[in-house]
1. Could you list, in their original order, any pairs among B:Lys80/B:Lys126; A:Lys23/A:Lys78; A:Lys105/A:Lys126; A:Lys105/B:Lys23; B:Lys61/B:Lys105 whose Cα atoms are separated by more than 29 Å?
2. Stokes-Einstein at 4 °C, 1.567 mPa s, Kirkwood radius from Cα pairs: D for the protein assembly as shown in µm² s⁻¹?
3. Shortest first and in nm with one decimal, please list how far the A:Ile82 label point sits from its counterparts in the other copies (point 7 Å along Cα→Cβ).
4. Going highest first, how would you order A:61-72, B:104-115 by mean Cβ packing within 10 Å?
5. List, largest first, the extents of the alpha carbons of segment B:4-85 along their principal axes, each in whole Å.
6. For B:Leu69, which sequence-distant residues (separation of 5 or more, or a different chain) have an amide H within less than 5 Å of its own amide H, given hydrogens modelled in the peptide plane?
7. How high is the relative contact order of chain A, in percent, counting Cα pairs under 8 Å that sit 6 or more residues apart?
8. As a test of the formula, what do you get for chain B when each DSSP H run with n ≥ 4 contributes -39,500 (n - 2.57) and the sum is divided by the residue count, at 222 nm and rounded to the nearest 500 deg cm²/dmol?
Number of protein chains: 2
Amino acid sequence: MDAVSDHRSGCPINLTVEILGDKWSLLILRDMMFGNRRHFRDLLTHSQEGIASNILADRLKRLVEQGMLTKADDPTHKQKAIYSLTERSIELVPVFAQIGAWGSKWLPVSEELSIRAILLEQGGPKMWEQFMRELRRSHLGEHVYADPGEVPVWMQLKAAYEEVVARRGRSGA
Amino acid sequence: MDAVSDHRSGCPINLTVEILGDKWSLLILRDMMFGNRRHFRDLLTHSQEGIASNILADRLKRLVEQGMLTKADDPTHKQKAIYSLTERSIELVPVFAQIGAWGSKWLPVSEELSIRAILLEQGGPKMWEQFMRELRRSHLGEHVYADPGEVPVWMQLKAAYEEVVARRGRSGA
């Protein structure tokens with residue numbers, strides 16, 4: 001059943017929540033976008049929230065039907081499918097950035113899981129644009145110009161996350 | 001049951017979707033924010049998506065418990081409660097603006113229900129700030145400075161919406 005064809009008003013907020021209001025769909029997109037998970041098993045075993053295998057399979061199927069993901073054979077792995085973000089899901093970066101900023105301010109987040117959201121908020125629209133260009137390169141195969149001097153956003157986010165994890169490890173937290 | 005205390009990770013996106021992933025909660029906040037609905041009956045009868053009375057009552061209670069709304073006796077109406085946005089829900093304006101912009105671009109929205117989202121996107125962060133100031137005035141009773149020359153955002157949104165409705169009426173659509 002396609003959630004989009006099931007809507008009851010043409011309001012953009014209502015239609016969006018029909019797709020993203022499903023918690024698991026949103027978290028799968030988050031893990032693909034910020035954690036670079038592109039295979040079923042990666043998404044399953046690295047899920048912070050412990051997604052069940054049957055739910056993951058169902059939501060991936062639905063996201064492909066909704067045009068949020070594409071699925072293809074991975075030439076580098078036999079018998080493995082690789083999932084890619086589409087232009088429409090890549091353009092959710094500003095939505096995720098705003099949600100992450102709001103959640104980090106108002107909800108009881110953990111330091112290690114909010115550091116990337118805080119960084120992305122501080123970076124603002126310019127950083128979001130750069131991150132979307134990186135996602136277009138790796139998910140859509142686009143040959144987008146990259147400034148040789150700029151540090152990739154995914155690298156900045158990863159470094160900040162690992163620094164918090166290491167610091168907490170050292171302090172025994 | 002408090003959705004916040006029930007979460008399984010401290011990720012800001014996950015915690016936010018535990019609150020806003022419920023379609024009806026999000027739509028109630030939307031109607032309070034953009035439609036200036038503050039009474040139970042207003043929210044019920046003007047709901048574009050036809051919310052049921054028991055669901056509305058349940059979600060309003062939950063939003064109050066989550067600190068997203070406050071409830072008080074309305075001094076201007078006997079036996080009526082008035083609901084107000086809180087600072088934390090007012091700060092969702094940028095989230096709604098980004099969701100509205102994304103939905104308007106990618107989903108089969110109707111013109112009359114997306115015109116406000118498009119206007120808000122074009123206005124950018126400056127317009128969102130102004131709109132939040134207006135909401136703080138009317139919902140939090142704050143005496144916030146308003147530039148005498150500026151047209152209130154709620155008035156700009158309302159005018160744009162009514163213009164589309166009138167035009168469609170004239171063309172017999």
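Computed from the coordinates by the stated procedures, all read-outs in this text should not be read as laboratory data. Only a predicted model underlies this, so the values are computations on that prediction, with no experimental measurement involved. Neighbour counts are summed over all protein chains in view; Cβ atoms, including those assigned to glycine, are modelled from backbone coordinates with ideal geometry.
1. Details: B:Lys80/B:Lys126 35 Å; A:Lys23/A:Lys78 31 Å; A:Lys105/A:Lys126 21 Å; A:Lys105/B:Lys23 22 Å; B:Lys61/B:Lys105 33 Å.
Violating the 29 Å Cα-Cα cut-off are B:Lys80/B:Lys126; A:Lys23/A:Lys78; B:Lys61/B:Lys105.
2. Details: Rh = 21.7 Å.
So the translational diffusion coefficient is about 60 µm²/s.
3. Copy-to-copy label distances for A:Ile82: 5.9 nm.
4. Values: A:61-72: 16.7, B:104-115: 18.9.
In descending order of packing, they fall as B:104-115, A:61-72.
5. 44, 25, 23
6. B:Val64
7. Values: 150 pairs, mean separation 27.5, N = 173.
RCO, chain A: 16 percent.
8. Numbers: 8 runs with 106 residues, N = 173.
Per the formula, -19500 deg cm²/dmol.
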